[in-house]
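In what follows, a single structure is set out as structure tokens and then discussed.
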Amino acid sequence: MTTTIRAIQLAEFGGPEKMQVVSREVGDPGPGEIRIRHKAVGLNYIDVYMRSGLYPNALPMTLGMEGAGLVEAVGEGVTHLQVGDRAAYASQPPGSYCDARVMPAKCVVKLPEAISFEEGAAMMLKGLTVQYLLKKTQPQGGLKAGDFVLFHAAAGGVGLIACQWARAMGLQLIGTAGGADKCQLALEHGASHVIDYRSENFVERVKAITGGKGVRAVYDSIGKDTFDGSLDCLSPFGLLATYGNASGPVPPFNLGALGPKGSLYVTRPTLFTHLATRESTQAMADDLFAMVTSGQVKIRIDQRYPLDQVGQAHADLEARKTTGSTVLLP
């Protein structure tokens, strides 16, 4: 059976105006696949990277890495989902900017009744990112209560989840954000300290907050503009996890500099390495769902756009006009 849906199609790389609403047919799932009818779709900065061509994909394509909705059909061999299940995902390949899609079932998990579709769409990629960063991407010896960590973009969708999760772990999270309102938002969500990068030197402030010792780990989604400073914030044997490029990709650098700076570690992790199997996806999702249903992490959704206004949503995201999470509503 086929059904006609709306999708946001990108025919060439470029600005938000390159995304267009199209109609297309979606059929039944094949072996190992499901068809999901979206109730809400998440917006993430990786969507901007793909739209601009920084992360190139074959064109034409539909963007979008996370969503939540109802399972409409189940392909052969799929046993963990049934028709009618509430479900959510963060997934490769991209394609969530649409009414419904056929996709690999291994990426999709049941959504607990206590979590709304909007929360599910807003939390999967961002929340699973925080899970693998704070729980799996740790410095030598791991992280323990009382340790200082630096988290850039602390008032964004990932950042606000990280502030809360770090507080639950007993970590002292130092967050950076642009402007007094965003700094206050990070504090309200659990950051121990905040730095306004518009008016303060974050390296100097980190050293002052930590008594000159630096932080055990830096989680940096900004990229080019913060990379050097992030290294300078680390204590000996500290870890820099650079997991995004909001200001542009990090240019080549001299590995030899890591020695005199304190035998530092640098890694470039990705979420989808951690989500390679259904078992790992389920385990990470279970951890995330437990944090949310316990109330230790609340999903803040500050922007909602109709699906056909996705261009405006991208423009606002790139202009740093957004806070918390953003969802698109089919």
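Odds and ends about this structure:
- Structure note, pairs 18/224; 106/135; 213/298; 144/298: Cα-Cα distances above 27 angstrom occur for 213/298.
- What the phi angles of segment 255-264 give under the Karplus curve with 6.51, -1.76 and 1.60, with θ = phi - 60°, is a coupling list of 4, x, 5, 5, x, x, 7, x, 6, 7 Hz, glycine and proline written as x.
- Segment 148-210 shape via C-alpha gyration tensor axes, a/c threshold 1.5: oblate
- Phi angles of segment 225-232 translate, via the Karplus equation with coefficients 6.51, -1.76, 1.60 and θ = phi - 60°, into HN-Hα couplings of 6, 10, 4, 4, x, 4, 4, 6 Hz per residue; Gly and Pro are given as x.
- Order by protection proxy (mean Cβ within 10 Å, highest first), peptides 173-179, 92-98, 52-58: 173-179, 92-98, 52-58
- Selection from 67, 319, 288, by position along the positive dipole direction of the chain (Cβ): 288
- Nearby lysines by direct alpha-carbon distance to residue 207 (threshold 18 angstrom, same-chain neighbours under 8 apart not counted): 261
- Selected from 15, 242, 114, residue furthest toward positive end of dipole (the chain; charges at beta carbon): 242
- Ranked 126, 106, criterion: other C-beta atoms within 10 Å, fewest first: 106, 126
- Recomputing Cα extents along the principal axes in Å from the coordinates shown identifies the correct label among (1) 64, 38, 37; (2) 54, 44, 40; (3) 123, 39, 35 as (1).
- Ordering of 153-162, 306-315, 115-124 by packing [mean C-beta count within 10 Å, highest first]: 153-162, 115-124, 306-315
- For the peptides 133-146, 232-245, the ranking by mean Cβ contacts within 10 Å, running from highest to lowest, is 232-245, 133-146.
- Near the amide H of residue 150, within less than 5 Å, lie the amide hydrogens of 174, 217, 218, 219, all on another chain or at least 5 residues away, with H placed in the peptide plane.
- Candidates 178, 260, 137 compared by Cα position along the dipole of the chain: farthest toward the positive end lies 260, with charges placed on Cβ.
- DSSP beta bridges fully contained in the chain are about 55 percent antiparallel.
- Under 15 Å, Cβ to Cβ, from residue 15 - net charge with Lys/Arg +1 and Asp/Glu -1: -3
- Residues 221, 192 arranged by fewest to most Cβ contacts within 10 Å: 192, 221
- Length-normalised contact order for the chain - Cα pairs under 8 Å, 6+ apart - percent: 17
- Averaging Cα coordinates gives a centre for segment 84-144 and one for segment 278-330; these two points are 10 Å apart.
- Rounded to the nearest whole Hz, the Karplus-based 3J(HN,Hα) values (6.51 cos²θ - 1.76 cosθ + 1.60, θ = phi - 60°) of segment 122-139 follow the sequence 7, 10, 5, 5, 5, x, 5, 4, 4, 4, 6, 5, 6, 9, 10, 10, 10, x, with x at glycine and proline.
Bear in mind these aren't lab numbers, they're just calculated from the coordinates by the rules spelled out. Model, not experiment: these values are computed from the prediction. Every residue, glycine as well, gets a Cβ built from its backbone with ideal geometry; the counts of neighbours run over all protein chains shown.
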